[in-house]
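Since the structure comes first, as structure tokens, the remarks are kept for the end.
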């Protein structure tokens, strides 16, 4: 889930930079955003994000069918919902630059907190014996 969040953040940061630069240069930011959206690098990142989100969803479903504790399942569901919203933000930027940046920052913050809460339910790794 963290890898997908990092990918979504990379895509949204790219949109924000292009959007801001276009405004500062007096260019048509919609045109610049579209150019950025269809660039090979952005398309590759969006495809990677889709694969990561699909993998997270499949793993959550496997865990649920495996009988994980209900509180953990609900926390994973909440985190996944935020991740899906972050994915949509990365796929289709909308609004004003300010609202886009505000929404992106809120999603990053809420998703980070949700992932941290999921980690509370996970067992700690076994200590490594020093020799």
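Here, each number is a calculation from the coordinates, and none is a lab measurement. Not measured: the values here are computed from a predicted model. Cβ atoms come from the backbone with ideal geometry, glycine included; neighbour counts cover every protein chain shown.
Take 57, 9 and order them by how many other Cβ atoms sit within 10 Å, fewest up front.
Sorted ascending by nearby Cβ count, the order is 57, 9.
Per residue, the average separation of C-alpha pairs within less than 8 Å and at least 6 apart gives the chain a relative contact order of 33 percent. Spin-label model, residue 44 to residue 84: label points 7 Å out along the Cα-to-beta-carbon direction sit 2.9 nm apart.
Per DSSP H run of at least 4 residues, take -39500 (n - 2.57); add these up for the chain, divide by its residues and hand me the 222 nm value, nearest 500 deg cm²/dmol. Mind dumping the intermediate values first?
Numbers: 5 runs with 107 residues, N = 131.
Here the helix-only value at 222 nm equals -28500 deg cm²/dmol.
Calculated FRET efficiency, residue 58 to residue 30, Cβ-Cβ distance, R0 = 41 Å: about 0.70 to the nearest 0.05.
The long axis of helix 40-65 is offset from the longest Cα principal axis of the chain by roughly 30 degrees.
Counting other C-beta atoms within 10 Å, which of 86, 29 has the fewest, and how do the rest follow?
Numbers: 86 26, 29 20.
Fewest-to-most Cβ neighbours within 10 Å comes out as 29, 86.
Rounded to the nearest 10 degrees, the inclination of helix 29-38 to the longest alpha-carbon principal axis of the chain is 50 degrees.
Out of every Cα pair in the stretch 1-94, what percent are spaced more than 23 Å from each other?
Details: 1517 of 4371 pairs.
Of the Cα pairs, 35 percent sit more than 23 Å apart.
Axis angle, to the nearest 10 degrees, between helix 70-91 and the longest C-alpha principal axis of the chain: 20 degrees.
Distance distribution note for the stretch 62-131: the fraction of Cα pairs above 13 angstrom is 71%.
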